[in-house]
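Let me begin by presenting the structure, written as structure tokens, before commenting on it.
The values are calculated or read from the model by the stated rules, or taken from the named source; none is laboratory data. Everything numeric here is computed off the predicted structure, so don't read it as measured data. Cβ coordinates were reconstructed from backbone atoms using ideal geometry, including for glycine residues, and neighbour counts include every protein chain displayed.
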Amino acid sequence: MTTSITDAHFSAAPKILVLGATGPTGRHIVSQAVSRGYDVTVLVRSPEKATDLKGAKLVIGDARDEKALRQAIIGQDAVISALGTPVSPFREVTLLSTATRALVNAMKAEHVSRLVAITGIGAGDSAGHGGFLFDKVIFPLLLRKVYADKNRQEAIIKGGDLEWTIVRPSNLNNKPGQKAIRALTDLSDFHGGSISREGVATFVLDQITMDGWLRKSPLITW
């Protein structure tokens with residue numbers, strides 16, 4: 001039987017696995033999760049890049065490896081995916097969808113259902129809402145292939161029969177994240193916007209124990 005995080009009453013701190021923990025947003029997620037008292041595990045390929053992730057348990061492995069994922073997922077209450085991929089204007093991108101397919105399979109095998117995944121503005125029905133520079137220049141020239149894979153990633157999550165939330169941040173920055181966060185699904189009058197990585201981490205972690213955005217794909221922005 002699959003454990004439902006939304007029905008759980010924790011007798012101890014939530015146990016979470018973070019993928020993409022050594023990225024700029026992933027680092028904020030780990031730091032804030034540890035500060036909240038969560039039991040945090042991170043799956044990393046390069047342990048030398050994770051030496052500053054204080055308070056987290058390290059599991060060495062590739063996020064595309066279902067066996068490694070299953071080992072890291074055992075006993076967890078939820079998984080956060082902050083996986084990213086470099087700009088790739090010419091080469092096809094498959095990392096996100098490949099890793100997500102392996103993740104969904106591993107979560108099912110280990111009976112862990114709660115998944116919060118970060119994609120970005122420009123994915124799914126948020127395409128065309130990034131503002132003129134993003135939509136007309138950055139996206140078509142640099143990010144088209146990345147976002148094709150983000151769309152495949154989202155489709156895999158939505159078809160995986162999990163308790164998922166897909167978080168689509170607007171344009172990211174490194175400013176302090178104390179501003180109020182807006183979460184939107186109606187984007188008819190929205191174009192552009194920005195949010196800090198720190199703010200994204202806060203919103204993502206909130207979804208571990210809240211179900212207001214369960215099986216939804218909010219765009220978050222300031």
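Of everything in region 132-165 that is at pLDDT 95 or above and small (G, A, S), the residue that is surrounded by the fewest Cβ atoms within 10 Å (Cβ to Cβ) is G159. Residues that are assigned to a loop (DSSP other than H, G, I, E, B) and in contact (Cβ under 8 Å) with a residue 60 or more places away in the chain within region 26-37 comprise just one, R36. On the stretch given as region 98-152, residues that are of a type in the set (G, A, S) and touching a Phe, Trp or Tyr at 6+ places or on another chain (Cβ under 8 Å) total 6. Quick check on region 2-14. Is at least one of its residues surrounded by fewer than 18 Cβ atoms within 10 Å (Cβ to Cβ), at pLDDT 95 or above and small (G, A, S)? No, every residue in region 2-14 fails to be surrounded by fewer than 18 Cβ atoms within 10 Å (Cβ to Cβ), at pLDDT 95 or above and small (G, A, S).
State all residues of region 69-84 that are of a type in the set (V, I, T) and either at pLDDT below 95 or surrounded by 17 or more Cβ atoms within 10 Å (Cβ to Cβ) (or both); if no residue qualifies, say none.
Scanning region 69-84 gives I73, V79, I80.
Restricting attention to region 166-209, the residues that are under 16 Å from the mean Cα position of the chain (by Cα) and either among the polar types (S, T, N, Q) or at pLDDT below 95 (or both) total 6.
Entry remark, region 172-222: residues being touching a Leu at 6+ places or on another chain (Cβ under 8 Å) and among the charged types (D, E, K, R) number 1 in total.
Hey, could you check region 166-197 for residues that are assigned to a loop (DSSP other than H, G, I, E, B) and of a type in the set (A, V, I, L, M) and say which is farthest from L17 (Cα to Cα)? So, considering only residues that are assigned to a loop (DSSP other than H, G, I, E, B) and of a type in the set (A, V, I, L, M), the one farthest from L17 (Cα to Cα) is L187. Residues in region 86-120 that are modelled with pLDDT of 95 or more and of a type in the set (S, T, Y) were compared, and the one that is farthest from the chain's Cα centre (by Cα) is T94. Residues that are among the charged types (D, E, K, R) and closer than 20 Å to A21 by Cβ within region 198-217 comprise E198, D206, listed in sequence order.
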